[in-house]
Amino acid sequence: MNLVEEMNKLTASIVPCSAEPLVYDEELCVGCNRCADVCQVDILIPNPVKGKPPVILYPGECYYCGSCVMECPNKGAIKLQHPLMNRAKFVETRNPSE
Ligand code: SF4
Ligand code: SF4
């Protein structure tokens, strides 16, 4: 059996988790997969449907680094949704130019 046949046998399913670290806007996302490529913990995989946002395979493993959001060429196509525990520690900042 060659490599392609072996790859075709692979299946993946989303590992359930109460956290929802990323929110995609399907109107803005073009499915370029740059966010999936840059994720250092590889929790995203390309969507089997071309042009659709990547699948968040391991939502519980996101560490909210924001690299995926920064890499996205379409502002607003992907947003981080921090868990409540993180949000309680947020500190309001001011733009230094104001
Ligand atoms: S925030 Fe960081 S760890 Fe989470 S999906 Fe994006 S790149 Fe990966
Ligand atoms: S980088 Fe942006 S446009 Fe590309 S797949 Fe990710 S969310 Fe969609």
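Of all residues in region 46-63, count the ones that are surrounded by 15 or more Cβ atoms within 10 Å (Cβ to Cβ), part of a loop (DSSP other than H, G, I, E, B) and more than 15 Å from ligand 2 (Cβ to nearest atom).
Going through region 46-63 one residue at a time, the tally reaches 1.
For region 69-98, what are the residues that are out of contact with any strand residue (DSSP E or B) (no Cβ under 6 Å at 6 or more places or on another chain) and of a type in the set (A, V, I, L, M, F, W, C)?
Correct list: Met70, Ala77, Leu80, Leu84, Met85, Ala88, Phe90, Val91.
If we keep just the residues of region 64-85 that are farther than 22 Å from Cys32 by Cβ and either surrounded by 13 or more Cβ atoms within 10 Å (Cβ to Cβ) or among the acidic types (Asp, Glu) (or both), which is modelled with the highest pLDDT?
That would be His82.
Any residue at all in region 69-92 that's within 16 Å of ligand 2 (Cβ to nearest atom), of a type in the set (A, V, I, L, M, F, W, C) and either without any contact (Cβ under 8 Å) to a residue 12 or more places away in the chain or assigned to a helix (DSSP H, G or I) (or both)?
Yes: region 69-92 contains one or more residues that are within 16 Å of ligand 2 (Cβ to nearest atom), of a type in the set (A, V, I, L, M, F, W, C) and either without any contact (Cβ under 8 Å) to a residue 12 or more places away in the chain or assigned to a helix (DSSP H, G or I) (or both).
The values are calculated or read from the model by the stated rules, or taken from the named source; none is laboratory data. As the structure is a prediction and not an experimental result, all values here were calculated from the model. Using ideal geometry, Cβ is built from the backbone for each residue, glycine included, and neighbour counts are taken over all protein chains shown.
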